[in-house]
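The values are calculated or read from the model by the stated rules, or taken from the named source; none is laboratory data. The shown structure was predicted, so the numbers you read here are calculated from the model rather than taken from an experiment. Counting neighbours? That spans all protein chains shown, and the Cβs are built from the backbone with ideal geometry, glycine included. Calculation scope for accessible area: heavy atoms of the full protein, side chains included, ligands and nucleic acids excluded. Shrake-Rupley method; radii C 1.70, N 1.55, O 1.52, S 1.80 Å.
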Amino acid sequence: MDAPSIRSICCIGAGYVGGPTMAVVADRCPHIQVTVVDLNAERIGAWNSADLSMLPIYEPGLDEVVGRARGRNLHFTTSVEGAIAAADMVFISVNTPTKTHGVGAGQASDLKWIEASARVLAKAATGHTIVVEKSTLPVRTAQAVKSILEAGPAGKSFSVLSNPEFLAEGTAIRDLENPDRVLIGGESREAIEALAGIYGQWVAPEKILRTNLWSSELSKLTANAFLAQRISSINSIAALCEATGADVREVANAIGADSRIGPKFLKAGPGFGGSCFQKDILNLVYLCRYYGLEDVASYWEQVVTLNSWQQHRISRLVVNRLFGTISGKRIAVLGFAFKADTNDTRESPAIQVCKDLLEEGAMLAIVDPKVREGQIAIDLGKPAGQGEANWQLLGSVEAAAEGADALVLLTEWEQFGQINWPAVVSVMRKPAWLFDSRAKADGAAARAAGLNVWTLGEG
Ligand code: UDX
Ligand code: ADP
């Protein structure tokens, strides 16, 4: 049997994965109607806003792609059931955060949004529907989705595929348009080929990998675990460099020249953030424990332990260098997003570092070109305000530096590489410090302007 031709796609979840992915599918497949649905009416409103700078997600190039396809064959709506009923293929792209309570709390993924999506699918789908898991999921989730679909009303049928997304935020459009590989796991050959046919519109055939369902699900967790492990490894070496007089960037360069190691993902920093790495490793740890593989579980758990150690290490270091106390001192925090070129703050190392500094009584002056004040308030668990042990969001490094004892650089935004050091240093209280956890600032210029400079990984 030939692969069914897909004319109408629905995607449940208009977030960081669903939104950009469907925008690129619609852009590359003008013959397919793509409808992205979400229960969050405010988010859908933002996706539909006439002003493309108001999209709910900041991604370089996203506005152009949405601008080309929206209204033509790309639609955003809260009418979940209608869009599912009309679709030949439904992507599930909802959030799967780590459980905060109950069995597996702190490790297992909370699948309640996946379950809700499967239930609405079972109810609203018509005829035969191909269901594609896009969210990162624990292994064997497809089985749970299938069971719910099969228990639904009679007269409909489903094929379930796993198609994990490997895009990184900040480069989502580039990653989607030119992926290293596309992974499709499933049992039904026709369903796999139908999805491969969509990607085949713009991805070379040899880059489309086909596996069984469980290999596909596990590959996503494993890829993220390996990537995160590289970061914890280089961060651990950064601490050793500081202690011994080596320079972690020279070490990274030297080891990265070995083609077996490779140069990518060897930047030491304040620790990894983002919605995936920690969640996926914890998922892997949970899975290993579930299958009785205690040593394997603790091996991977250590990657996360080292990551939080790194975050606390930075705040402890700031306190130590500022004579053991930062109570009542003003500290400028440069960057709050978990990395540059995104407004996403999920698991951002800045959250833990800022919480530690607030706990020590500091007054934080935060600068970030994309993160909004309301998001920082949620992340820090308190609104912006005046007075001691509080925080505020400022529009420029100069404004944040006013009267500050230190600048702590946490996100590698391009503009932090181009600071006018004499102007900044002139408004700070002396002796003044720059703590650069990303080696982004021009340390020599900052020193020349009179700052004490600490750069992560530099002995
Ligand atoms: C990651 C994976 O890269 C992607 O394939 C998967 O689909 C989702 O998770 P993302 O979290 O968006 O993507 O960003 P990524 O660029 O991987 O960075 C993750 C974190 O690691 C960031 O906090 C980043 O600052 C940090 N990082 C990355 C480093 O500290 N050093 C590096 O060398 C690379
Ligand atoms: P990700 O980074 O995985 O894309 P996000 O949290 O950015 O995660 O996006 C997930 C989106 O899925 C959210 O906008 C949320 O409102 C939406 N969502 C969750 N459950 C459902 C559901 N049952 N129906 C429709 N949308 C949902």
When residues of the range 270-317 are limited to those that are among the aromatic types (Phe, Trp, Tyr) and farther than 25 Å from Asn343 by Cα, the one nearest to ligand 1 (Cβ to nearest atom): Trp300
For the range 427-446, enumerate the residues that are open to solvent by 70 Å² or more (accessible area, probe 1.4 Å) and touching a helix residue (DSSP H, G or I) at 6+ places or on another chain (Cβ under 9 Å). Asp442
Matching residues, the range 49-78, being surrounded by 15 or more Cβ atoms within 10 Å (Cβ to Cβ) and either modelled with pLDDT under 95 or within 14 Å of ligand 2 (Cβ to nearest atom) (or both): Leu55, Pro56, Ile57, Tyr58, Glu59, Leu62, Phe76, Thr77, Thr78
With respect to the numbered conditions (1) of a type in the set (Gly, Ala, Ser); (2) over 26 Å from Val94 (Cβ atoms); (3) more than 10 Å from ligand 1 (Cβ to nearest atom); (4) within 16 Å of the chain's Cα centre (by Cα), which one is the sole condition not fulfilled by Ala243? (4)
Going by what's in this entry, would Glu187 be described as within 23 Å of Asp280 (Cα to Cα), among the acidic types (Asp, Glu) and without any contact (Cβ under 8 Å) to a residue 40 or more places away in the chain? no
What is the residue count in the range 246-269 for residues that are within 19 Å of Gln229 (Cβ to Cβ) and among the acidic types (Asp, Glu)? 1
Of Ala400, Ala389, Ala365, Ala406, which residue is away from ligand 2 (no atom under 16 Å from the Cβ) and either surrounded by fewer than 19 Cβ atoms within 10 Å (Cβ to Cβ) or not assigned by TED's automatic domain parsing to the domain that holds Gly457 (or both)? Ala389
Take the conditions in contact with a Ser or Thr (Cβ under 7 Å, 6 or more places away or on another chain) and more than 16 Å from ligand 1 (Cβ to nearest atom) and apply them to Asp88. Does it pass? yes
Scanning the range 1-32 for residues that are over 23 Å from Ser188 (Cα atoms) and open to solvent by 40 Å² or more (accessible area, probe 1.4 Å) gives Val17, Arg28, Pro30, His31
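Residues checked against (1) away from ligand 2 (no atom under 16 Å from the Cβ); (2) under 24 Å from Gln375 (Cα atoms); (3) surrounded by 20 or more Cβ atoms within 10 Å (Cβ to Cβ); (4) among the basic types (Lys, Arg):
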position	(1), (2), (3), (4)
Leu287	yes, no, yes, no
Tyr291	yes, no, no, no
Trp300	yes, no, yes, no
Asn320	yes, no, no, no
Gly335	yes, yes, yes, no
Glu347	no, yes, yes, no
Failed condition for Leu111, given (1) more than 12 Å from ligand 2 (Cβ to nearest atom); (2) open to solvent by 30 Å² or more (accessible area, probe 1.4 Å); (3) not polar (S, T, N, Q), with all others met? (1)
